[in-house]
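Here the structure comes first, spelled out in structure tokens, and everything after it is commentary.
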Amino acid sequence: MYALKERYKQEIPKQLAQDFGIKNPHLLPRLEKVVISVGAGEYAKEAKIMQNIADTVSLIAGQKAITTKARKSVAGFKMREGMSMGVKVTLRNNNMFNFLEKLIVITLPRVRDFRGVSRNGFDGRGNYSFGLNEQLVFPEVVYDDIMVTHGMNITIVTTTQEDRYAFRLLELLGMPFAKGR
């Protein structure tokens, strides 16, 4: 599954240089990492469910997920310092390209009533974030193995500081953006 990586290395830099008139190849926007995160919410106190969420995210990402811990105690949220609050995994290099290709080609088309991902997910610094409502859209996830249905946030980090460069990079990679603005 390295077709996306080959296209990323061969075709996309030429197209980006042509679109934006960038002559220095080191100034072209590049993918840096993909971060998948899940907030556990009310399930944070249950160790078995937290482990099941971590196993599911690890299966989806193809890399071991880590459990995030609370840094401070907050009485209003019934949260203590050191308590498990969520799960995350950071993907780089081949794992990143494998996940992105699976996401773009297989997973997003499986989402019910999918009309494209929002164009408003850019943060003003060239990074793009969006969420999925459930983990069942991924082909690796077996319904009988999950304890709770949860969503996830996916953040794609680029090296550029401008959203228009990051948008064009993701568009060339095949990210299915929604029509219009």
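Things worth noting here:
- Residue in the range 164-177 that is farther than 30 Å from ALA47 by Cα, part of a strand (DSSP E or B) and within 14 Å of the chain's Cα centre (by Cα) present: no
- Positions within the range 120-135 being of a type in the set (S, T, N, Q), open to solvent by less than 50 Å² (accessible area, probe 1.4 Å) and under 12 Å from the mean Cα position of the chain (by Cα), in sequence order: ASN127
- Breaking point among (1) surrounded by 15 or more Cβ atoms within 10 Å (Cβ to Cβ); (2) assigned to a helix (DSSP H, G or I), for ASP144: (1)
- Within the range 41-62, tally of residues that are without any contact (Cβ under 8 Å) to a residue 60 or more places away in the chain, farther than 25 Å from GLY126 by Cβ and either buried (at least 17 other Cβ atoms within 10 Å of the Cβ) or in contact with a Lys or Arg (Cβ under 8 Å, 6 or more places away or on another chain) (or both): 4
- The conditions of being more than 13 Å from ILE154 (Cα to Cα), part of a loop (DSSP other than H, G, I, E, B), open to solvent by 60 Å² or more (accessible area, probe 1.4 Å) and modelled with pLDDT of 85 or more are not met by ARG112.
- Residue within the range 88-108 that is open to solvent by 30 Å² or more (accessible area, probe 1.4 Å), among the basic types (Lys, Arg), assigned to a helix (DSSP H, G or I) and within 29 Å of ILE22 (Cβ to Cβ) present: no
- Among residues of the range 153-178 that are at positive phi, those with a Cβ under 9 angstrom from a residue that is hydrophobic (A, V, I, L, M, F, W, C), sequence gap 6+ or separate chain, pair up as GLY174/LEU4; GLY174/LEU100; GLY174/ILE104; GLY174/VAL105.
- In the range 63-86, the residues that are open to solvent by less than 30 Å² (accessible area, probe 1.4 Å), out of contact with any helix residue (DSSP H, G or I) (no Cβ under 6 Å at 6 or more places or on another chain) and either among the β-branched types (Val, Ile, Thr) or not in a strand (DSSP E or B) (or both): ALA70
- Tally, over the range 1-33, of residues that are part of a helix (DSSP H, G or I), open to solvent by 100 Å² or more (accessible area, probe 1.4 Å) and aromatic (Phe, Trp, Tyr): 0
- When MET79 is tested against (1) closer than 30 Å to LEU27 by Cα; (2) at pLDDT below 80, exactly one condition is not met: (1).
The values are calculated or read from the model by the stated rules, or taken from the named source; none is laboratory data. All values derive from a computational prediction rather than experimental measurement. Note that we place each Cβ from the backbone using ideal geometry, even for glycine, and neighbour counts take in every protein chain shown. When the accessible area is computed, the model is the full protein with side chains, heavy atoms only, and any ligands, DNA or RNA have been set aside. Shrake-Rupley method; radii C 1.70, N 1.55, O 1.52, S 1.80 Å.
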